[in-house]
Amino acid sequence: MTDNTDAGTPIRVALVDDQALFRAGIRMVIQSQPDMEFVGEAGDGREALRLVVETAPDIILMDVRMPVMDGITATKEILARVDASGAHPTRIIVLTTFDLDADAAEALRMGASGFLLKDTRPDLLLAAIRTAHSGSAVIAPGQTQALFAGLAAPEPERSVPASYETLTQRERDVFQLAAKGMSNQEIARTEYVSETTVKTHISRILAKLALRDRVQLVVFAYETGLLSPGGEDGA
């Protein structure tokens, strides 16, 4: 996995939401941060597609329910275009009003880097933006297990994908730890290797499994039954 964070370059943030008052509040929060730049906003998913082309944001805060085009459809189209063009990487954090929204799980399947509740405290929102920019998952506090339990495939449908068989044993060990949400530092301590080595393993795992990032790795682990909702290794 490539970390695109540049300490000297502000994180470019865009916002997509159909409520003007909400957009104004979030805009003020983003603009108050020296390491962030608010690059634009849109009121629906269709406008978001244009916004991405014009501003190339690092992070998009994307509402789920909007007129014209919903946030799930917009997320899918934006990330598909980014992947096809190989252009500037854009990560999406979806925003939802509900504690456990089925749309949030669907957004993760589509490639979103995580989801937050719309009433999240400003400091936690800012931390989430920085976390997503570094390539890690962002999940509303307290919702991780419940959300991924909903992603888990039924027992009869589970099978180990052929691509997983291409991983070395060490890569499988790292895969399992990353799928459980461990950071590179935690994995390094567990496996008695350096963080640089962990990053190398993660990059190789993502490439072999054709996954975008660690969020997609977690989704892959649950959907294939390689990790159960209780956090147990299913392989």
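Numbers at a glance
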item: Subset of the range 184-193 (residues that are within 20 Å of the chain's Cα centre (by Cα) and buried (at least 17 other Cβ atoms within 10 Å of the Cβ)); result: Asn184, Ile187
item: Residue check, Met36 among the hydrophobic types (A, V, I, L, M, F, W, C) and either touching a residue at least 60 places away in the same chain (Cβ under 8 Å) or closer than 20 Å to Arg130 by Cβ (or both); result: yes
item: Filter pass, Thr196 being outside any loop (DSSP other than H, G, I, E, B), exposed (fewer than 13 other Cβ atoms within 10 Å of the Cβ) and modelled with pLDDT of 80 or more; result: yes
item: Residues that are at pLDDT 85 or above, in contact with a helix residue (DSSP H, G or I) (Cβ under 9 Å, 6 or more places away or on another chain) and part of a helix (DSSP H, G or I), drawn from the range 165-183; result: Thr166, Arg170, Glu171, Arg172, Asp173, Val174, Phe175, Gln176, Leu177, Ala178
item: Of residues in the range 159-183 being among the hydrophobic types (A, V, I, L, M, F, W, C) and under 21 Å from the mean Cα position of the chain (by Cα), the one nearest to Ser194 (Cα to Cα); result: Val174
item: Subset of the range 199-216 (residues that are modelled with pLDDT of 85 or more and part of a helix (DSSP H, G or I)); result: Lys199, Thr200, His201, Ile202, Ser203, Arg204, Ile205, Leu206, Ala207, Lys208, Leu209
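The values are calculated or read from the model by the stated rules, or taken from the named source; none is laboratory data. Keep in mind the model is a prediction, meaning the values are calculated, not measured. Neighbour counts are summed over all protein chains in view; Cβ atoms, including those assigned to glycine, are modelled from backbone coordinates with ideal geometry.
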